[in-house]
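Just below is one structure, and these are the notes that go with it.
The values are calculated or read from the model by the stated rules, or taken from the named source; none is laboratory data. Keep in mind that what you see is a predicted model, and the values were worked out from it rather than measured. Counting neighbours? That spans all protein chains shown, and the Cβs are built from the backbone with ideal geometry, glycine included.
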Amino acid sequence: MHLYFWVIGFFCVFETGSANVIELPRNKFANVSVVGGTPAAPGEFPNLVVMRYNGKLRCGATLIGSSHVLTAAHCVYGFSAAQTKALSVMTNTLDLNGGANAITRSVRKIVIHERYNPNSQNNDVAVLVLNSPIQNVKLVSLPKGNRGSISQVLLKADVEILPNAVCINQYGSSEFIGANMLCAAAPGKDTCQGDSGGAIFVDGIQVGITSWGYGCAELDYAGVYTRVSTYVPWIQTAVAQNPAPATSG
């Protein structure tokens with residue numbers, strides 16, 4: 001099984017500032033920088049997205065529609081309308097600084113799952129509506145039913161999705177909610193502070209959204225991801241009820 005991430009630097013849960021961003025419980029990090037990954041090839045993942053706030057790297061995301069981006073709710077929780085205007089997304093590049101082929105769009109609206117719990121990270125899913133569409137970039141396919149150094153390029157790592165029983169044994173049933181979460185790990189490989197909102201793929205289909213975990217590549221704790229298959233109906237409704245803005249001409 002294959003795990004691919006857009007690595008964007010330290011997760012902004014540590015930047016409390018004016019964004020009113022939640023702080024996770026001690027040692028419970030929104031996973032953010034691939035540990036043990038290798039560089040992705042040019043053009044390999046054009047639909048993976050880097051999210052910026054006031055020009056600073058914030059989280060990862062994926063392009064699920066020409067005007068819609070899928071990410072983790074904790075990445076944008078607590079944002080006001082004014083703060084939403086300071087968000088932008090960039091895709092079609094492997095370089096966090098952009099590049100000749102990079103495509104950048106501003107964010108028009110944030111749609112967070114109505115049952116998102118910032119304490120447990122349950123229902124950690126959100127959709128961003130862009131101000132203008134991104135054309136000619138392949139969309140991501142959704143299902144049918146210890147801190148690493150920060151990389152400046154997209155990294156990927158192969159990991160194994162673990163049985164729910166293993167994840168519950170590691171985190172406890174009160175923290176790991178198997179119906180809404182999945183966990184994945186491999187020796188020396190994991191997401192870490194900076195990958196939040198990024199994706200885990202199996203056979204080219206996004207099955208998870210990078211959410212949280214204890215430490216990075218810890219032997220006793222796998223990384224935890226939002227289970228996308230649970231939320232496909234919610235994602236489809238969020239997209240349908242929040243269409244792209246009309247274009248003139």
Subset tally (residues that are among the hydrophobic types (A, V, I, L, M, F, W, C), outside any loop (DSSP other than H, G, I, E, B) and either within 21 Å of Cys183 (Cβ to Cβ) or at pLDDT 90 or above (or both)) for region 135-171
7
Looking at Thr91, Thr62, which one is buried (at least 19 other Cβ atoms within 10 Å of the Cβ), touching a strand residue (DSSP E or B) at 6+ places or on another chain (Cβ under 7 Å) and within 24 Å of Ser120 (Cβ to Cβ)?
Thr62
